[in-house]
Amino acid sequence: MASQISQDTIIRIEGVSKKFGRLQAVDNVSMEIKRGEFFALVGPSGCGKTTLLRLLAGFETPDAGRILIEGRDMTGVTANHRPVNMLFQSYAIFPHMNVETNVSYGLKIARRPRDEIMARTEEALGLVKLSGYEKSHPDELSGGQRQRVALARALVMRPAVLLLDEPLSALDAKLREAMQLEMVHLQKTVGITFLIVTHDQSEALSMAGRIAVMHQGSVRQIAPPGELYEAPNCRFVADFIGKINLFEGTARPADQPGRVRVHTEKLGILELQGDAEGSVTLAVRPEKIIISHEPGGLEGQISLHGTVMDIAYFGGHSKLFIDIGAGQPLMAEITNSNRNGGPRVAPGDRVRCGWRAVDTLLLTE
Amino acid sequence: MEPWRKAPAVFVANLLPPAAWLGVFFVLPLSLLWLYSFGDKVGITGIDINWTLANYARAADPLYLGILIKSVWIAGAATLTCLMIGLPVALAISFAPRHVQPWLLLLIILPFWTNLLIRTYALIAVLRTNGHVNYVLEWLWSAGDGLLNLIGLGGYQILGTGFTPWSLLYNDAAVVTGLVYVHLPFMVLPLYAALYRLDRSLIEASLDLGAGHLRTFFYVIAPLVLPGIASGVIITFIPALGAYLTPDLLGGTDSQMIANVIERQFKAANDWPFGSALSFLLMYITFFGLAVRSLLAGRRGGGVSA
């Protein structure tokens with residue numbers, strides 16, 4: 001079987017399903033994770049991402065399908081015999097052991113020679129910048145330090161894949177951002193495949209090389225962050241990753257091949273690149289929208305007129321909520337690039353919102 | 001602890017009934033016994049409290065000291081057996097599905113709903129010479145004997161010429177069995193409480209790091225529920241040490257425990273001062289056990305207590 005799988009595939013999930021009572025937690029999921037990759041599983045809570053991670057770790061057994069790690073079928077292989085290690089959401093540091101004993105636990109279980117245990121423990125603690133904390137007790141450490149202990153304890157095992165279950169959710173915003181960067185660096189340094197589970201799409205975008213978006217137990221899209229953001233394949237992904245404006249419409253083929261005419265209530269009839277028929281959704285990201293006070297449209301632009309309702313200030317940028325008639329207000333983002341320029345728009349202003357037709361996404365699902 | 005200063009009347013009103021109850025029914029009788037233990041018996045009912053230590057000195061008599069040591073030994077054996085049985089039971093309950101756990105705990109507590117005397121008599125019916133255990137053993141013997149006959153080995157009398165019932169009653173083993181049966185819930189409940197609070201991800205982390213179930217139990221679960229184990233041991237040991245009914249009904253002539261001796265002093269021997277002294281000695285041993293338990297709990301602050 002191993003010959004079928006290319007050398008750089010480290011995890012192969014084949015049609016895996018898992019049910020808890022009547023809840024279909026994971027529904028016929030198949031995917032491949034490459035060696036050395038920083039891969040993220042994202043989705044709203046209850047989408048099955050954590051269950052999938054626990055299936056990989058061996059804490060749950062699939063009802064159907066199988067999992068291959070390094071080409072080896074994991075069916076019937078218990079958690080303690082799998083070449084993966086997990087970073088738990090609660091860190092799961094053994095409270096009755098000091099930092100050093102925590103980190104060397106797995107190596108002692110594996111009955112490695114004493115010298116090797118000491119050397120590898122020291123190396124792992126150095127990697128997570130905890131050298132000098134060997135004799136510290138877990139309750140003397142901060143949350144961030146405890147997480148580093150958990151990270152060292154898993155990395156010291158040199159697993160084929162490190163599974164990270166919502167690793168940053170318990171940290172405060174500032175520390176979380178620092179830790180995100182550090183984890184990316186760490187992953188590059190050790191070269192171990194990281195598989196992270198998170199509900200925070202921005203965390204996944206900033207850390208991962210590839211992301212799988214899950215919804216109701218199944219995978220909706222697997223793509224690099226840029227592609228996921230700029231070319232989502234369905235309404236759910238478009239809406240879950242980042243912010244987006246959605247317009248319902250109907251499509252029929254245009255006269256020219258490879259183009260469609262889409263009719264939406266707010267945007268009128270648009271001719272776009274693509275291939276669709278029936279009900280579709282048009283989508284545009286807020287930062288693609290250009291706001292101006294001059295009336296009238298530009299060539300190749302989609303144009304709307306509206307009244308600014310609210311402005312949410314974020315420092316570097318501001319979010320505008322523009323009333324464009326019925327339904328949801330339009331979201332637009334402007335960069336505050338000029339310090340002394342004063343506000344370019346104010347609530348109550350009548351503005352023109354325009355964006356290029358190529359920035360419009362045509363979503364059929 | 002400040003609010004009571006602001007409303008002393010409410011504080012006193014709340015404290016008074018339980019304090020009065022404890023004073024009248026606990027402190028007062030106990031103080032009387034404590035005084036009696038320093039007295040001499042005068043006539044049939046009189047007690048002369050003259051601060052003698054003779055009663056305590058008499059307790060050191062090899063006869064009573066032997067019984068005291070034996071009581072500690074039997075209670076200890078019963079406690080250890082309870083731990084051996086109770087730990088797997090508590091583990092099994094704590095790993096059962098959440099909605100089944102209350103029902104399993106109910107099964108553990110169920111025997112408490114029946115009178116101790118009746119339960120002990122039921123145990124006699126099980127253990128006696130023509131009791132249920134011996135019925136089963138006899139059935140097994142005849143089945144084995146029949147099988148040997150069948151395969152042609154009947155003539156060798158490998159299993160003896162006939163079945164001799166085992167004497168399971170009126171010895172130390174019977175007392176230990178009875179104590180284990182009665183005190184098992186005292187062991188299971190604190191163990192379950194400690195296991196219930198144990199973070200499951202710690203067990204998963206241990207498995208994840210390559211440890212099997214056995215090593216996970218000894219390296220992670222057992223050290224973390226040690227305070228629960230200590231609670232279970234103390235809570236089981238104390239009542240087992242003072243057990244009266246079980247050794248009285250199930251024990252033989254030489255397997256009486258200290259509580260039986262105390263009972264005799266108050267009734268048959270009519271020697272209240274000596275009975276009181278023995279009672280207080282028993283209580284001091286109990287206090288010692290509790291002190292050890294507190295020390296253990298204080299030293300291991302990080303664990304999961306019951």
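One line per residue, one yes/no per condition, for (1) buried (at least 16 other Cβ atoms within 10 Å of the Cβ); (2) among the hydroxyl-bearing types (Ser, Thr, Tyr):
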residue	(1), (2)
B:101	no, no
B:108	yes, no
B:111	no, no
B:121	no, yes
B:139	no, no
B:142	no, yes
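Listed residues A:175, A:168, A:141, A:186; which is touching a Lys or Arg at 6+ places or on another chain (Cβ under 6 Å) and farther than 24 Å from residue A:30 by Cα?
From the options A:175, A:168, A:141, A:186, the qualifying one is A:168.
Collect the residues in region B:246-281 that are of a type outside the set (Gly, Ala, Ser) and within 17 Å of the chain's Cα centre (by Cα), keeping them in residue-number order.
Residues satisfying the conditions are B:246, B:247, B:248, B:249, B:250, B:256, B:257, B:258, B:260.
Anything in region A:72-84 that is more than 9 Å from every other protein chain (Cβ to nearest Cβ), surrounded by fewer than 20 Cβ atoms within 10 Å (Cβ to Cβ), under 23 Å from residue A:17 (Cβ atoms) and under 29 Å from the mean Cα position of the chain (by Cα)? List them, or say none.
Once the filter is applied, which keeps residues that are more than 9 Å from every other protein chain (Cβ to nearest Cβ), surrounded by fewer than 20 Cβ atoms within 10 Å (Cβ to Cβ), under 23 Å from residue A:17 (Cβ atoms) and under 29 Å from the mean Cα position of the chain (by Cα), region A:72-84 yields A:72, A:73, A:75, A:77.
Assess whether residue A:135 counts as being outside any helix (DSSP H, G or I) and on the phi > 0 side of the Ramachandran plot.
Taking the combined requirement at face value, the residue does not satisfy it.
Being touching a strand residue (DSSP E or B) at 6+ places or on another chain (Cβ under 9 Å), buried (at least 20 other Cβ atoms within 10 Å of the Cβ) and of a type in the set (S, T, N, Q) is the filter here; which residues of region B:266-286 pass it?
Result: B:276, single match.
With the requirement that a residue be part of a helix (DSSP H, G or I) and aliphatic (A, V, I, L, M), what does region B:1-17 give you?
Once the filter is applied, which keeps residues that are part of a helix (DSSP H, G or I) and aliphatic (A, V, I, L, M), region B:1-17 yields B:9, B:10, B:12, B:13, B:15, B:16.
Out of A:152, A:204, report the one residue that is surrounded by 20 or more Cβ atoms within 10 Å (Cβ to Cβ), of a type in the set (Gly, Ala, Ser), in contact with a Leu (Cβ under 9 Å, 6 or more places away or on another chain) and within 14 Å of chain B (Cβ to nearest Cβ).
Testing whether each residue is surrounded by 20 or more Cβ atoms within 10 Å (Cβ to Cβ), of a type in the set (Gly, Ala, Ser), in contact with a Leu (Cβ under 9 Å, 6 or more places away or on another chain) and within 14 Å of chain B (Cβ to nearest Cβ) leaves just A:152.
All but one of (1) part of a helix (DSSP H, G or I); (2) more than 29 Å from the chain's Cα centre (by Cα); (3) closer than 22 Å to residue B:268 by Cβ hold for residue B:20, so report the exception by its number.
(3)
Quickly run through region A:122-149 and pick out the residues that are in contact with a Phe, Trp or Tyr (Cβ under 8 Å, 6 or more places away or on another chain), farther than 21 Å from residue B:204 by Cα and away from every other protein chain (no Cβ under 14 Å).
Residue satisfying the conditions is A:125 alone.
Looking at the structure I just gave you, is residue A:242 farther than 25 Å from residue A:161 by Cβ and surrounded by 15 or more Cβ atoms within 10 Å (Cβ to Cβ)?
Spelling it out, residue A:242 is indeed farther than 25 Å from residue A:161 by Cβ and surrounded by 15 or more Cβ atoms within 10 Å (Cβ to Cβ).
Could you look through region A:54-71, keep only residues that are out of contact with any Asp or Glu (no Cβ under 8 Å at 6 or more places or on another chain), surrounded by 15 or more Cβ atoms within 10 Å (Cβ to Cβ) and not in a loop (DSSP other than H, G, I, E, B), and pick out the one that is nearest to the other protein chains (Cβ to nearest Cβ)?
Only one residue tops the list, namely A:56.
Mind telling me which of the residues A:337, A:292, A:303, A:279 ends up being surrounded by fewer than 17 Cβ atoms within 10 Å (Cβ to Cβ) and in contact with a Ser or Thr (Cβ under 7 Å, 6 or more places away or on another chain)?
The unique qualifying residue is A:279.
Yes or no: residue A:117 closer than 30 Å to residue A:131 by Cα and within 10 Å of chain B (Cβ to nearest Cβ)?
Considered against the rule, which asks whether it is closer than 30 Å to residue A:131 by Cα and within 10 Å of chain B (Cβ to nearest Cβ), residue A:117 comes out as no.
Return the only residue of A:156, A:99, A:128, A:149 being of a type in the set (A, V, I, L, M, F, W, C) and more than 27 Å from the chain's Cα centre (by Cα).
Matching residue, one of A:156, A:99, A:128, A:149: A:99.
For residue B:124, state whether it is more than 21 Å from residue B:255 (Cβ to Cβ), in a helix (DSSP H, G or I) and at pLDDT 90 or above.
So residue B:124 does not fit the description; no.
With respect to residue A:237, determine if the residue is among the β-branched types (Val, Ile, Thr), modelled with pLDDT of 90 or more and more than 25 Å from residue A:281 (Cα to Cα).
When the stated conditions are applied, residue A:237 does not pass them.
Restricting attention to region A:251-268, does a residue exist that is assigned to a loop (DSSP other than H, G, I, E, B), touching an Asp or Glu at 6+ places or on another chain (Cβ under 9 Å) and under 21 Å from residue A:230 (Cβ atoms)?
Yes, region A:251-268 contains at least one residue that is assigned to a loop (DSSP other than H, G, I, E, B), touching an Asp or Glu at 6+ places or on another chain (Cβ under 9 Å) and under 21 Å from residue A:230 (Cβ atoms).
Go through region A:85-102 and count every residue that is touching a Gly at 6+ places or on another chain (Cβ under 9 Å), under 27 Å from residue A:11 (Cα atoms) and either at pLDDT below 95 or more than 9 Å from every other protein chain (Cβ to nearest Cβ) (or both).
1
Could you please find all residues in region A:46-67 being over 14 Å from residue A:165 (Cα atoms) and aliphatic (A, V, I, L, M)?
A:64, A:67
Could you list, in sequence order, the residues of region B:199-248 that are more than 8 Å from chain A (Cβ to nearest Cβ), among the small types (Gly, Ala, Ser) and buried (at least 21 other Cβ atoms within 10 Å of the Cβ)?
If the condition is that a residue be more than 8 Å from chain A (Cβ to nearest Cβ), among the small types (Gly, Ala, Ser) and buried (at least 21 other Cβ atoms within 10 Å of the Cβ), then B:228, B:230, B:231, B:232, B:240, B:243 are the ones that fit.
For region A:138-233, please list each of the strands (runs of 3 or more DSSP E) lying entirely inside it that holds at least 2 residues being polar (S, T, N, Q).
Strands (runs of 3 or more DSSP E) meeting the threshold: A:193-198, A:218-223.
Being assigned to a loop (DSSP other than H, G, I, E, B) and of a type in the set (Gly, Ala, Ser) is the filter; apply it to region B:26-74 and report the residue that is surrounded by the most Cβ atoms within 10 Å (Cβ to Cβ).
So, considering only residues that are assigned to a loop (DSSP other than H, G, I, E, B) and of a type in the set (Gly, Ala, Ser), the one surrounded by the most Cβ atoms within 10 Å (Cβ to Cβ) is B:37.
The values are calculated or read from the model by the stated rules, or taken from the named source; none is laboratory data. Not measured: the values here are computed from a predicted model. Heads up, the Cβs are rebuilt from the backbone with ideal geometry, glycines too, and the neighbour counts pull from every protein chain shown.
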